[in-house]
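Read the structure below first, then the notes.
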């Protein structure tokens, strides 16, 4: 039974197909690109596999790998939740700054100041 060391996908003339090969991802990608393929994606297999096992491995990787959009939406949702928590925590707090407390008003070069650096 023939085994392969890399597996992936590529698109040619609008048709996306699974690909298996031996060698390096870089070399295989160069050959496919030179022949007009687009959206070329390959992964190295953890061990040499027959074609059906290699394709199953690729499909499992795709299922387990979140898409960029999913990750971005999750990050934005977490940030919105944290913003809401911060807003809820600050309710009832009345914080005011006097001009003396603003950094723009402080003279860090004044040696008489307790804040001199």
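General observations
- Net length gained if the chain between residue 89 and residue 60 were fully extended (0.36 nm per residue, minus Cα distance): 6.2 nm
- Residues 20, 31 arranged by fewest to most Cβ contacts within 10 Å: 31, 20
- If you plug the beta carbon distance of residue 12 and residue 75 into 1/(1 + (r/R0)^6) with R0 = 30 Å, you get a FRET efficiency near 0.30.
We did not get these values from a lab; they are worked out from the coordinates using the rules stated. Being a predicted model, the structure only gives us computed values, none of them experimental. Cβ sites come from the backbone with ideal geometry, for glycine too, and all protein chains shown count toward neighbours.
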